[in-house]
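Colleague: This is the structure, below, for whatever I ask next.
The values are calculated or read from the model by the stated rules, or taken from the named source; none is laboratory data. Owing to the predicted nature of the structure, the values given are computational and were not obtained by experimental measurement. Glycine also receives a Cβ, built like all others from the backbone with ideal geometry; neighbour counts cover every protein chain displayed.
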Amino acid sequence: MYPNLKLEIFKRGIHQNHVARELGIKEANLSKIIHGYREPSETMKKLISKYFGVDEIWLFEKYDGSAIVNSAAEANVSLEQLKDGGS
């Protein structure tokens, strides 16, 4: 998933279909890219980042949920340690 791409669309108050039309691609393909079901080509990444005028690396940072899952797991361990008196 590319949350920064989704965020850019949301911040601008536009719809995916508008962006897709402007870029000359199908809305379904843009949706698949946003949600991580399709990997954009380097050319497509450049086109989309240029359209929004933002850094390509930032725009296409992936999110898979593992950071939150790992943090939650670490938090649970910490809570258990606290309950056991910090051992």
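Colleague: Any residue at all in region 59-67 that is modelled with pLDDT under 85, outside any helix (DSSP H, G or I), surrounded by 13 or more Cβ atoms within 10 Å (Cβ to Cβ) and under 14 Å from the mean Cα position of the chain (by Cα)?
Modeller: Among the residues of region 59-67, at least one is modelled with pLDDT under 85, outside any helix (DSSP H, G or I), surrounded by 13 or more Cβ atoms within 10 Å (Cβ to Cβ) and under 14 Å from the mean Cα position of the chain (by Cα), which makes the answer yes.
Colleague: Collect the residues in region 1-23 that are part of a loop (DSSP other than H, G, I, E, B) and more than 18 Å from Gly53 (Cβ to Cβ), keeping them in residue-number order. Please lay out each step first, then the result.
Modeller: First, the residues of region 1-23 that are part of a loop (DSSP other than H, G, I, E, B): 1-2, 12-15.
Met1, His15, listed by residue number.
Results for (1) modelled with pLDDT of 95 or more; (2) loosely packed, with under 14 Cβ neighbours inside 10 Å; (3) assigned to a helix (DSSP H, G or I), shown as yes or no for each residue.
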| position | (1), (2), (3) |
| --- | --- |
| Ile33 | no, no, yes |
| Tyr37 | no, yes, no |
| Lys46 | yes, yes, yes |
| Ala72 | no, yes, yes |
| Val77 | no, yes, yes |
| Glu80 | no, yes, yes |
| Gly86 | no, yes, no |
